[in-house]
């Protein structure tokens, strides 16, 4: 019986996530429009809500075209990796005390492993496309991954020290007194920046850089294979927002007048909107600028953060 | 300062063949072809107050010209226009080429910027330049037959016979499009070297139009760039030879398509100079006002797209909205938005409509708030600064050497604005500053343009506050279309009116070049009239042509993202490059 409920829950979470990711297309377009003095999609259905449906129908029915010059197998595998890696990461997110796929002891580490997997998608897509723009995008993706992965992991360790666990449920429970973004403000900012880079969102959309590399690593993709990158990006945004919520903003915790799942979703959507707002605001740095930001500023900073957190915890125990 | 013609006559008594009077009063000298390099070297380096800029280099096919008035015999005439900043004066030198297979000495070793100009003359006239490093077609396709600006080349599709594309011809065309690095002066051997070629454009969102750049890359670092232009070539200069003086005005609108009536400006002023028309004050002020509106509109497009090149999404939408407000005003006054085709020979098309001043005043009150917002959003953004400061630097000397004018020249710290230095249409009556930069990098070019928007607002406000009363057209028989009120009074004006409207005006023979400080730099029209209803030769000297030629020099050693920043900061329009 338990297994059945578990499987149903997994399927439900999957469906809800995919719906959210698709719905984000609409949310992003509308919000960008609001911030940019224009309307955005407002013709299809009430408030243009059916635009999502129209987009999905369009993208599913497009010809599934594989250019003759590509490395076929890798070309097909690449977009699936990003989807899988992100969806797998969601397995460890505790939406509420009861809702969640698995309760891993090494939750944080599992996420880090999966996020590294995601970078393969960019590199392989860039390589397999056999296109110079895609290749440049892939190279940039690899360079970007190397720079942010390191400090991303380190920035999380402050939380782990405070909670004394890699388990995300324990981390949420440990925030009953105080949400971790207050003691871990530095870690939070660094993790959020790394999250932006992880999802290839502006200002860190360097591997796709539309005004330079046109679409970078996914220049040759079309139809649903492109859709996988696209949905993968929105899933990535949701994932990072969910993680920030869990790790720094007390997950499902909140006053009792609203159920835990609502608290979780409110916080998550706040961060999703922040992602979109950042996209509407900032220009794109050069990728060597991103690398030097990562290695010269954020890495030392996250190490320092770790050191101070460790010292404080140690001192507190003495 | 003694007169440059007498200096040259003293210095090169043998070389000067003739002195030619022109309507624009630019000293015009005929030089023996064999001496032209000597004379140019002297003018560039040795003469007091030298002519450091090769402003333009073009040619004239003299075959069909009737009124040559004492000019030396010539089949093709190559025209060099130099500019001296110290003298604030142009100088025109002409060399006669009498052969049917004309050839002139190349001056690329004196001015590297002559490279593209000589290629264009070769492409358009078939004049060969001896000693040119890379003499191939530049604007026309490689497979083109003939040289379009020769008088014998057909000007209309109907003169050319039906177009056919048999398989064999299609293959030949496709073959000609193949990329062979060695033909571009690039290394062919990619295997042993650590670089790759990247074809950027002609369809690329960062090139703002159909510009193709072939990059030689080391990683993302740019080793060399070879620009390929001509995709936007519409033969504007050839069209001028078949349209009447009047019906050519709409074509000028489209030469620099962001500048709108700013393009009519030098053209109609040149025709007026040939015809000897003095325009009323109201016309002058109206022209300035509309041109400055278009300057703002063009700079807004640049502002937004430049930000977008650097990955900023939002500014372009906001700025296009503001531009739309300008177009609403332009449409209310002129009846059309981007290409109003509104200036006329001797005036403007209509008088200002009722309530025009309220529209403009509202805009003048609205715009400063927005500009301040953009300043916060774009110019003061630290990421934006990091992407633009210290990128694409050049100094004043380089700029002059390569024929750079406009904001690109002022960004190097050199205060030179033709509206101030050679005021036309009454710009000397206006109170405005000439913004300059310091370092000549992308950021300074941006600062200069943003500041120019403010100055244009100032000029427009002065126009609104002091708009003179009076006619909107000059009372001159060659004004086109002429004022209607007298036509019903006497037969002479009726005949003139009839001819002016049916044939178009007959402009007296002569030559005149008039330039304006356009949105992108100095834009001028060099018109030659042979006493006919059409122009004998129309030369459009556009700033973007020189600027694009300069891009490879300032992008070497930077990366692809920097190249996009440089391209954005240069602010060119491909229609302005190719004409």
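Taken together, the values in this text are just the output of simple stated rules run on the coordinates, not laboratory data. It should be emphasised that the depicted structure is a prediction, and the values quoted were computed from it without experimental measurement. All Cβ positions, even for glycine, are placed from backbone atoms using ideal geometry, and neighbour counts span all protein chains on display.
A Förster radius of 56 Å, combined with the Cβ-Cβ distance separating residue B:247 from residue A:274, puts the computed FRET efficiency at roughly 0.50. Each principal axis of the protein assembly as shown carries a Cα extent, and these read 106, 67, 58 Å when sorted largest first. Shielding value for B:310-323 is 5, the average number of Cβ atoms from other chains within 10 Å of each residue's Cβ. In terms of other Cβ atoms within 10 Å, B:356, B:116, A:65 run from fewest to most in the order A:65, B:356, B:116.
Distance from the alpha carbon centroid of segment B:243-317 to that of segment A:121-163 works out to 47 angstrom. Volume per residue of the convex hull around the Cα atoms, evaluated for segment B:236-578, comes out as 121 Å³. Highest GNM mean-square fluctuation among A:87, A:124, A:258, for chain A modelled with Cα contacts below 10 Å: A:258.
Over all projection directions, the Cα-based convex hull of segment A:68-190 averages an area of 8.5 nm². Over the residues of chain B, the helix contribution to mean residue ellipticity at 222 nm works out to -11500 deg cm²/dmol, using -39500 (n - 2.57) for each DSSP H run of at least 4. Averaged over the residues of A:208-216, the number of partner chain Cβ atoms lying within 10 Å of the residue Cβ comes to 6. Summarised as an ellipsoid, segment B:125-244 has semi-axes of 32, 17, 16 Å, derived from the eigenvalues of the Cα gyration tensor scaled by 5 and square-rooted, with the largest first.
For the pair residue B:495 and residue B:431, what calculated FRET efficiency results from E = 1/(1 + (r/R0)^6), where r is the Cβ-Cβ distance and R0 = 35 Å, to the nearest 0.05? Efficiency, rounded to the nearest 0.05: 0.20.
Working from label points 7 Å from Cα in the Cα-to-Cβ sense, the residue A:307 to residue B:34 distance is 8.1 nm. The Cα atoms of segment B:4-151 cover 46, 34, 26 Å along the three principal axes, with the biggest extent listed first. In whole percents, the pair-distance distribution calculated for segment A:66-317 from its alpha-carbon pairs, binned every 5 Å from zero, is 1, 7, 13, 17, 18, 16, 12, 8, 5, 2, 1, 0, 0. Between A:233, A:210, A:220, the Gaussian network model of chain A with springs among Cα atoms under 10 angstrom shows the greatest mean-square fluctuation at A:210. Between residue A:315 and residue A:176, the contour length at 0.36 nm per residue exceeds the Cα-Cα span by 47.9 nm. Just checking the listed ones, A:176, A:279, A:30: in the Gaussian network model of chain A with Cα springs under 10 Å, the one fluctuating most is A:176.
Test of understanding: express the Cα radius of gyration of segment B:421-579 as a ratio to 2.2 N^0.38 Å, with N the residue count. For segment B:421-579, the normalised Cα radius of gyration comes out at 1.43. In terms of surrounding Cβ atoms within a 10 Å radius of their Cβ, B:51, B:257, B:394, A:148 rank from fewest to most as B:257, B:394, B:51, A:148.
Share of pairwise Cα-Cα distances greater than 47 Å in chain B is 12 percent (whole percent). By the count of neighbouring beta-carbon atoms within 10 Å, fewest first, B:499, A:154 end up ordered B:499, A:154.
Distance distribution P(r), segment B:283-339, all Cα-Cα pairs, bin width 10 angstrom from 0: 25, 46, 23, 7, 0 percent.
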